[in-house]
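What follows is a single structure, written as structure tokens, with notes after it.
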Amino acid sequence: MDRFRTALQLYKDQQDQSRSGPQVKRAVTGQDIPPPIVYTKTKSLDIPHSTLRQRRVMAAYDKGPFVDAYKILRTQVMHRLRENNWNVLGVTSPGHGEGKTLTAVNLAVSLAMETSQTVLLVDADLRSPSIHDVFGLDDCPGLADYLLDNQPVEDLLVHPGIGRFVLLPGGRAISNSTEILTSPKMLGLVEELKNRYPARIVIFDLPPLLHTADVLAFSPYTDALLFVVEEGKTTAAQLQRALLLVKNSRLVLGTVLNKAGKMATTVAAMRKLLSH
């Protein structure tokens, strides 16, 4: 575990004044409580708890360390978002299979269980979209279909019957994901999602940082990044390399240590939130 702390401390020391990128001031406060939501255009589904439990979505659990870990993560993330007037978070990892998508899903679900904000989760891992799989959905249209086929966003959104939570699936896999994620149409969508509702948190599930240029290209349009690393798999060198790649683009909000100790199927803790 020390290797992660060492890599994070090195990143923090080297960050200094290198943070850059646009920052849009938005109201994200616990005092702005939205009214009850009636979804009219958004497709609403009633996903069985058995499906959610099988796929380790925290909405299927009433209590336990699995739920507690995400509530702690939710609280820490919201503190940082509110103190900076942010509402757009990207979730990534250094490599494949380190739990970033499940972390993004459960963080979004946990946030949406509060009454102080709504949450939109966007599958922006366009080479390998998988959020629909987490909810047991068949292949369904999504972000790629909006960007490439001009399908209206409102026809692609899904409310899986959980709190104030809506997801935008990725749609079909595409190979030229970097160019698509930085296209004028995508950037226009990001601005719309950022600013349409002041009490909405937008979470982008992004690809692994070390395998494509997508995160580096897209991260300036987020407020911050959350890293997911896996104990016993992610090396200190990989984490350090990933952090150094983004040190001049966006603030790293913190890291989540996945599969730690005996909690082999869940997130153990938010290891550290980096200070300004």
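Throughout, read-outs are computed from the coordinates displayed, never taken from laboratory work. Just so it is clear, the model here is predicted, and its values are computed rather than measured. Neighbour counts run over all protein chains shown; Cβ positions are idealised from the backbone, glycine included.
Some observations on this one:
- For VAL228, the residues whose amide H sits under 5 Å from its own are THR92, SER93, VAL256, ignoring neighbours fewer than 5 places away on the same chain, with H placed 1.01 Å from N.
- Computed over the alpha-carbon pairs of region 38-164, the distance histogram in 5 Å steps reads 2, 9, 18, 23, 22, 16, 8, 2, 0 percent, short to long.
- Distant-in-sequence amide H partners of LYS43 (H built 1.01 Å from N, under 5 Å): LEU157, HIS159
- 3J(HN,Hα) couplings calculated from phi for region 110-116 with the Karplus curve 6.51 cos²θ - 1.76 cosθ + 1.60 (θ = phi - 60°) are, in sequence order, 4, 4, 6, 7, 7, 8, 8 Hz; Gly and Pro show x.
- Phi-derived couplings, Karplus 6.51 cos²θ - 1.76 cosθ + 1.60 at θ = phi - 60°, listed residue by residue for region 177-188: 5, 4, 5, 5, 5, 10, 6, x, 5, 5, 5, x Hz, with x used for Gly and Pro.
- Were the residues from LYS233 through VAL153 laid out at 0.36 nm apart, the gain over their Cα-Cα distance would be 25.1 nm.
- Relative packing of peptides 173-179, 201-207, 220-226 - highest average C-beta neighbours within 10 Å first: 201-207, 220-226, 173-179
- PHE66 paired with HIS49, simple spin-label distance in nm, labels 7 Å along Cα-to-beta-carbon: 1.2
- Applying 0.36 nm per residue to the separation of GLU192 and THR75 and subtracting their alpha-carbon distance, the gain on full extension is 39.5 nm.
- Here's the picture: a label point sits 7 Å out from the Cα of ALA217 along the beta-carbon direction, and within region 88-132 the residues with their amide nitrogen under 12 Å of it are 126-127.
- Of the trypsin sites (Lys or Arg not before Pro) found in region 42-128, those in coil by DSSP whose Cβ has at most 11 other Cβ atoms within 10 Å are LYS63.
- Residues whose placed amide H lies under 5 Å from that of ARG200, excluding near-sequence neighbours: THR118
- Note on SER183 and LEU210: the extension gain reaches 7.6 nm, defined as 0.36 nm multiplied by sequence separation minus the Cα-Cα distance.
- Reported to the nearest whole Å, the Cα centre-to-centre distance from region 44-91 to region 93-133 is 9.
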